[in-house]
1. Considering only residues that are small (Gly, Ala, Ser) and assigned to a helix (DSSP H, G or I), which ones fall in the range 70-99?
2. Does residue 86 satisfy the condition of being modelled with pLDDT of 85 or more and not β-branched (Val, Ile, Thr)?
3. What number of residues within the range 59-107 are within 30 Å of residue 17 (Cα to Cα) and touching a helix residue (DSSP H, G or I) at 6+ places or on another chain (Cβ under 9 Å)?
4. Which residue pairs have Cβ atoms under 8 Å apart, sit 6 or more places apart or on different chains, and have a first residue in the range 7-33 that is under 14 Å from residue 50 (Cα atoms) and a second that is modelled with pLDDT of 80 or more and of a type in the set (Ser, Thr, Tyr)?
5. Given 43, 59, which one is more than 30 Å from residue 78 (Cβ to Cβ) and small (Gly, Ala, Ser)?
Amino acid sequence: MDTNDLLRQIMMIGIGTTSLVAERLRQVSDEWVRDGRINPEQASRFVDDFMAQFSGESAKFDEQIQRQLRNVLQDLGVPRQAEMDELRGRLDRLERQVRDLENKMWR
């Protein structure tokens, strides 16, 4: 499975979960308003406060998932982008050196 696909799926799960939580929270707060437990202003503030806290927790969760994914990829031996860039640079230098040596031999 491609790493980008996995990250995209994880992100979509997070978005879906957030949407479900927000929708259910609005339903519950609307029920409470209808039952007279809270007024509409309190319901709105409750939803806003909860979603702000949920978003903060969601960000922490996303960071943990990314950290664990990086660890798994490292354990599998998948190089990081910086390592790939370094290797490409070294390969470019070696190719130039070989070309230079070949050019010197033909002179």
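1. Hits for the range 70-99 are 82, 89.
2. Considered against the rule, which asks whether it is modelled with pLDDT of 85 or more and not β-branched (Val, Ile, Thr), residue 86 comes out as yes.
3. Residues in the range 59-107 being within 30 Å of residue 17 (Cα to Cα) and touching a helix residue (DSSP H, G or I) at 6+ places or on another chain (Cβ under 9 Å): 8 in total.
4. 29/44
5. Every option except 43 fails the conditions.
Condition check ((1) exposed (fewer than 13 other Cβ atoms within 10 Å of the Cβ); (2) of a type outside the set (Phe, Trp, Tyr)) across all residues:
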residue	(1), (2)
7	no, yes
25	no, yes
32	no, no
37	yes, yes
43	no, yes
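The values are calculated or read from the model by the stated rules, or taken from the named source; none is laboratory data. Computed from a predicted model, the values in this text were never measured in an experiment. We place every Cβ from the backbone using ideal geometry, glycine too, and count neighbours over all the protein chains shown.
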